[in-house]
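All of the numbers you see were taken from the coordinates with simple rules; none came from a lab. None of these values were measured; they are calculated from a predicted model. Because the Cβ atoms are built from the backbone with ideal geometry, glycine has one as well, and the counts that use them run over all protein chains shown.
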Amino acid sequence: MTLPNQLTALRIVLVPVFMFLLLLDSPYMKLLGVVVFVFASLTDIYDGYHARKYGLTSRLGAFLDPLADKFLITAAFLIYVWEGYLALWMVMLVVLRDVVVTVLRVYAEWKNKPVVTSREAKYKTLTQNVFAYVIMLFILLEEEEFTGGYVSSAVHNILHSDYLDYIMLLITLYTVYTGISYLVQNWKGLLSPSPSR
């Protein structure tokens, strides 16, 4: 297994670690959970750079890399649902889109017709990542031990307001759109006969 694929595997392994830490009551454990999340995200940047620089790109890596990203972001969103920051139905739509696309990607690999991640899907991932980071920052700012009572109270009100749901709604709609776009762009290729092996 190449280094980029090892980093991708590490990113997947770190998902339950950061979830466990972020759900603890201790502000310092939450901070450690955020550090783990950031570190996991940075491995995504480095493994892509390393793979391109040394020509270590592979079909396995091209498949596992976005899958690891989906695990990481989905885990963050599920924590936000658990804490009452986001509505469950929107996160479930995002998860459903990712499950459908992942199944189709597996099918495309089986047919020896791997699908390259679209620019729209990359924008979708970037948007979700930025939103996940912002909420994670708010979670730390909500801790009185870090920011004091006034800031903590203000951030608490933001986290439990409708603003996050409005932003998540836009992200959900765009995510669903990228899923539909994926189906439209690849439907004929997925239905066509497989090339002889």
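Around Val94, under 15 Å between beta carbons, what's the net of Lys plus Arg minus Asp minus Glu among the other residues?
Values: positive: Lys70, Arg97, Lys124; negative: Asp69, Asp98, Glu120, Asp165.
It works out to a net charge of -1.
What FRET efficiency would be calculated for the residue pair His160, Leu96, taking the C-beta separation as r and a Förster radius of 41 Å, to the nearest 0.05?
Details: r = 26 Å, r/R0 = 0.63.
So, using R0 = 41 Å, E works out to roughly 0.95.
Given 0.36 nm per residue, what is the gain on full extension from Thr147 to Leu23 after removing their alpha carbon distance, in nm? Display every interim value, and only then the final one.
Numbers: separation 124, 0.36 × 124 = 44.64 nm, distance 1.92 nm.
Gain on extension, Thr147 to Leu23, equals 42.7 nm.
Rounded, prolate or oblate: which fits segment 82-149 when a ≥ b ≥ c are the square roots of the eigenvalues of the alpha-carbon gyration tensor, with rounded for a/c under 1.5 and prolate only if a/b beats b/c? If you can, show how the numbers build up before the last one.
Numbers: a/c = 4.00, a/b = 2.53, b/c = 1.58.
Prolate shape, in that a/c is at least 1.5 and a/b is the bigger ratio.
Computed FRET efficiency, Cβ-Cβ of Lys111 and Gln6, R0 35 Å: what is it to the nearest 0.05? List each step's numbers first, then the result.
On the way: r = 28 Å, r/R0 = 0.79.
Here the calculated transfer efficiency is 0.80.
Would you mind getting me the FRET efficiency between Leu173 and Leu42? Use the beta-carbon distance for r and R0 = 35 Å, nearest 0.05. Show your work: numbers first, answer last.
On the way: r = 29 Å, r/R0 = 0.82.
For R0 = 35 Å, the calculated efficiency reads 0.75.
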